[in-house]
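> Take this structure, written in structure tokens, and hold onto it; I'll ask about it next.
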Amino acid sequence: MEKAYWSAKARALRPYTAGEQPREKLIKLNTNENAYPPSPRVTAAVAEAAADLRLYPPSDGGIFREAAAQLHGLDTTQIFCANGSDEVLAQAFLALFDPDRPVYTLDVTYSFYPVWADLFGLELRTVPLDKDYAVMPGSFAGAGAVVLTNPNAPTGMAARPGLLREIIEGTDGPVIIDEAYAGFGSHSALPWVGEYDNLLVVRTLSKSYSLAGLRAAYAAGQPHLITALETIRNSYNSYPVDRLAAAGAAAALRDEAWHKECCGRIMKTRDRTRQALIDLGHRVLPSEANFLFVECTDPDAASMFQALRDRGILVRYFGSGRTRNFLRVTIGTDDDMDAFIKAMEHIS
Ligand SMILES: *Cc1c(COP(=O)(O)O)cnc(C)c1O
């Protein structure tokens, strides 16, 4: 009875499982939210925009689209805005990928890609990372379509510019680069969108701009790709960016000083936390994101996850495949990370 009225499609789906949003007070290092608040200009802009909620918002994101174009020195026709990058990515999959052209991605990467592939009837093929979890040169050779997270999640490791260019130039069809963690030190492909007619770069304000709760993200690419995404949007939901989100996102993008300062603090905390964990004997992958991927052998990752939770610290444990012995740990404030390091010392 439970699923009697469900479509065949809904019955067959295995949805993405998001990290837990706990009700109790924990040191929350499990979903890569920013440790610091957004620019104070965001709150002011959102309050002001609330006066106009009677009216539908512009369907293209309006001032948010303009601010993103201005930030990157692009035309607004090269920017597509939506309700978080999960939505931008889903629409990009629909707009650019086809069932008869397999989409290549990494074997260890964002676990939402297989869910969208399944939902949209696409074939997703995986390319293995090397033993150190780096992208191997030549590994995407002959691919017709690619989706790549850079820096990668959950490893935190970023590909160098030469390798990124090799992948974009070596792919006949579209290449989507998901730069959810841009801002924390990695090299971005976004400045290249004018050079490559097959490149779409996706950015979110959830991580480096401290706005996971606002739901705002955008894609940058040549106008012929952007109009494909707009075609999907206008066939599904014409108003994905509400007035509050557009105003808040525009204000955040226009306060580059705040953004830089906040990312700089997180990078400093990240690098010293990594060193402290290495000193404790853990293998920790090099990270250019706001999280660390930490290998646990004694005790194993599952036991470590539970022991940390018992001490009031919540991290992310995926528990399968090549990385089942790793924990993903978001970089919190300096106090959060001191508490985390201390707990790790006691548990090991
Ligand atoms: C967090 C994350 C997203 C989703 O971000 P939203 O904009 O909050 O939907 C997309 N891709 C990767 C790799 C992420 O880590």
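> Determine which single condition Ala257 fails, assuming it passes every other condition in (1) hydrophobic (A, V, I, L, M, F, W, C); (2) closer than 27 Å to Arg41 by Cβ; (3) more than 16 Å from the ligand (Cβ to nearest atom); (4) surrounded by 14 or more Cβ atoms within 10 Å (Cβ to Cβ).
So the condition that Ala257 fails would be (4).
> Considering only residues that are within 27 Å of Gly213 (Cβ to Cβ) and more than 15 Å from the ligand (Cβ to nearest atom), look in the range 80-119 and name the one that is surrounded by the fewest Cβ atoms within 10 Å (Cβ to Cβ).
Here the residue is Leu119.
> Is it the case that some residue within the range 169-176 is within 16 Å of the ligand (Cβ to nearest atom), under 12 Å from the mean Cα position of the chain (by Cα) and not hydroxyl-bearing (Ser, Thr, Tyr)?
no
> I'm checking my understanding of the structure. Among residues of the range 336-348 that are small (Gly, Ala, Ser) and modelled with pLDDT of 95 or more, which one is most open to solvent (accessible area, probe 1.4 Å)?
My answer is Ala339.
> Can you name the number of the only condition in (1) part of a loop (DSSP other than H, G, I, E, B); (2) modelled with pLDDT of 95 or more; (3) of a type in the set (Ser, Thr, Tyr) that Thr77 fails?
The one condition Thr77 does not meet is (1).
> Condition (residue is within 12 Å of the ligand (Cβ to nearest atom), open to solvent by 30 Å² or more (accessible area, probe 1.4 Å) and either among the basic types (Lys, Arg) or free of Cβ contacts under 8 Å to residues at least 12 places away in the same chain (or both)) applied to the range 218-240: is it met by at least one residue?
Within the range 218-240, none of the residues are within 12 Å of the ligand (Cβ to nearest atom), open to solvent by 30 Å² or more (accessible area, probe 1.4 Å) and either among the basic types (Lys, Arg) or free of Cβ contacts under 8 Å to residues at least 12 places away in the same chain (or both).
> Right, something else. Quick one: how many residues across the range 130-153 are assigned to a loop (DSSP other than H, G, I, E, B) and in contact with a strand residue (DSSP E or B) (Cβ under 6 Å, 6 or more places away or on another chain)?
Final tally of qualifying residues: 5.
> Of all residues in the range 197-208, how many are within 9 Å of the ligand (Cβ to nearest atom) and either touching a residue at least 60 places away in the same chain (Cβ under 8 Å) or hydroxyl-bearing (Ser, Thr, Tyr) (or both)?
5
> Right, here's the next one. Which condition number does Asp242 fail, the rest of (1) at pLDDT 95 or above; (2) under 27 Å from Val88 (Cβ atoms); (3) in contact with a Ser or Thr (Cβ under 9 Å, 6 or more places away or on another chain) being met?
Among (1) at pLDDT 95 or above; (2) under 27 Å from Val88 (Cβ atoms); (3) in contact with a Ser or Thr (Cβ under 9 Å, 6 or more places away or on another chain), the lone unmet condition for Asp242 is (3).
> Buried (at least 22 other Cβ atoms within 10 Å of the Cβ), out of contact with any His (no Cβ under 7 Å at 6 or more places or on another chain) and not polar (S, T, N, Q), is that true of Val146?
Spelling it out, Val146 is indeed buried (at least 22 other Cβ atoms within 10 Å of the Cβ), out of contact with any His (no Cβ under 7 Å at 6 or more places or on another chain) and not polar (S, T, N, Q).
> For the range 37-64, give me each residue that is surrounded by 15 or more Cβ atoms within 10 Å (Cβ to Cβ), closer than 18 Å to Ala182 by Cα and away from the ligand (no atom under 16 Å from the Cβ).
Answer for the range 37-64, where residues must be surrounded by 15 or more Cβ atoms within 10 Å (Cβ to Cβ), closer than 18 Å to Ala182 by Cα and away from the ligand (no atom under 16 Å from the Cβ): just Ser39.
> Out of Thr333, Thr273, Thr297, Thr323, which single residue is open to solvent by 30 Å² or more (accessible area, probe 1.4 Å), more than 28 Å from Leu214 (Cα to Cα), of a type in the set (Val, Ile, Thr) and out of contact with any Gly (no Cβ under 7 Å at 6 or more places or on another chain)?
Being open to solvent by 30 Å² or more (accessible area, probe 1.4 Å), more than 28 Å from Leu214 (Cα to Cα), of a type in the set (Val, Ile, Thr) and out of contact with any Gly (no Cβ under 7 Å at 6 or more places or on another chain) holds for just one of Thr333, Thr273, Thr297, Thr323, which is Thr297.
> Could you tell me whether the range 11-21 includes any residue that is part of a loop (DSSP other than H, G, I, E, B), modelled with pLDDT of 95 or more, surrounded by 12 or more Cβ atoms within 10 Å (Cβ to Cβ) and within 15 Å of the ligand (Cβ to nearest atom)?
No, the conditions are met nowhere in the range 11-21.
> May I pose another question? Return yes when Leu292 is crowded, with 23+ Cβ neighbours inside 10 Å and free of Cβ contacts under 8 Å to residues at least 40 places away in the same chain and no when it is not.
For Leu292, the condition - crowded, with 23+ Cβ neighbours inside 10 Å and free of Cβ contacts under 8 Å to residues at least 40 places away in the same chain - is not met.
> A further question follows. Just one of Gly156, Gly162, Gly183, Gly194 is open to solvent by 30 Å² or more (accessible area, probe 1.4 Å), within 16 Å of the ligand (Cβ to nearest atom) and either out of contact with any Ser or Thr (no Cβ under 7 Å at 6 or more places or on another chain) or not in a strand (DSSP E or B) (or both); which is it?
Gly183 is the lone residue from the list that is open to solvent by 30 Å² or more (accessible area, probe 1.4 Å), within 16 Å of the ligand (Cβ to nearest atom) and either out of contact with any Ser or Thr (no Cβ under 7 Å at 6 or more places or on another chain) or not in a strand (DSSP E or B) (or both).
> If you don't mind, there's one more thing I want to ask. Take the residues of the range 22-36 that are of a type in the set (A, V, I, L, M) and away from the ligand (no atom under 16 Å from the Cβ): which is farthest from Ala251 (Cα to Cα)?
Taking the candidates together, the pick is Leu26.
> Also, quick follow-up: Out of Leu211, Leu129, report the one residue that is crowded, with 24+ Cβ neighbours inside 10 Å, within 16 Å of the ligand (Cβ to nearest atom) and not small (Gly, Ala, Ser).
Within the list Leu211, Leu129, the selection yields Leu211.
The values are calculated or read from the model by the stated rules, or taken from the named source; none is laboratory data. Computed from a prediction, not measured in an experiment: that's the story for all the values here. Don't worry about glycine lacking a Cβ; one is built from the backbone with ideal geometry, like all the others, and counts go over all protein chains shown. Accessible surface is based on the protein model in full, side chains and every heavy atom, while ligands, DNA and RNA are left aside. Shrake-Rupley method; radii C 1.70, N 1.55, O 1.52, S 1.80 Å.
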